[in-house]
Amino acid sequence: GLETVEEMNKLGMIIDVSHLSDGGFYDVARYSKQPFVASHSNSRTICNHSRNLTDDMIRVLSEKGGVT
């Protein structure tokens, strides 16, 4: 949870949101002080699968300095 995100930030670890639920993604976006990645995710608009990112998630990821 939140403690894990904080500890990963403290240790300089990269957080990968590829297998998180939508809620988990937004929790990381809200609490991480560092950029995070979606290492193997696609656009849900193109391929409607729950593990893919919505357009809003892609926007948030970009705004936080992350990559997909």
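The values are calculated or read from the model by the stated rules, or taken from the named source; none is laboratory data. Note that the structure is a prediction, hence the values are computed from the model and not measured. All Cβ positions, even for glycine, are placed from backbone atoms using ideal geometry, and neighbour counts span all protein chains on display.
Assorted remarks:
- Scope segment 39-59; condition touching a residue at least 24 places away in the same chain (Cβ under 8 Å), crowded, with 18+ Cβ neighbours inside 10 Å and either in contact with a strand residue (DSSP E or B) (Cβ under 6 Å, 6 or more places away or on another chain) or β-branched (Val, Ile, Thr) (or both); matching residues: SER41
- Within segment 25-68, the set of residues being outside any loop (DSSP other than H, G, I, E, B), over 8 Å from the mean Cα position of the chain (by Cα) and not polar (S, T, N, Q) comprises ASP27, ARG30, TYR31, LEU53, ASP55, ASP56, ILE58, ARG59, VAL60, GLU63, VAL67.
- Residue count for segment 1-34, restricted to those that are on the phi > 0 side of the Ramachandran plot and either of a type in the set (A, V, I, L, M, F, W, C) or touching a Phe, Trp or Tyr at 6+ places or on another chain (Cβ under 7 Å) (or both): 0
- Any chance SER32 is crowded, with 17+ Cβ neighbours inside 10 Å and small (Gly, Ala, Ser): yes
- Some residue of segment 1-17 being under 9 Å from the mean Cα position of the chain (by Cα), in a loop (DSSP other than H, G, I, E, B) and either in contact (Cβ under 8 Å) with a residue 60 or more places away in the chain or surrounded by 11 or more Cβ atoms within 10 Å (Cβ to Cβ) (or both): yes
- Qualifying residue in segment 46-54 (condition: charged (D, E, K, R) and either within 22 Å of LEU2 (Cβ to Cβ) or modelled with pLDDT of 95 or more (or both)): no
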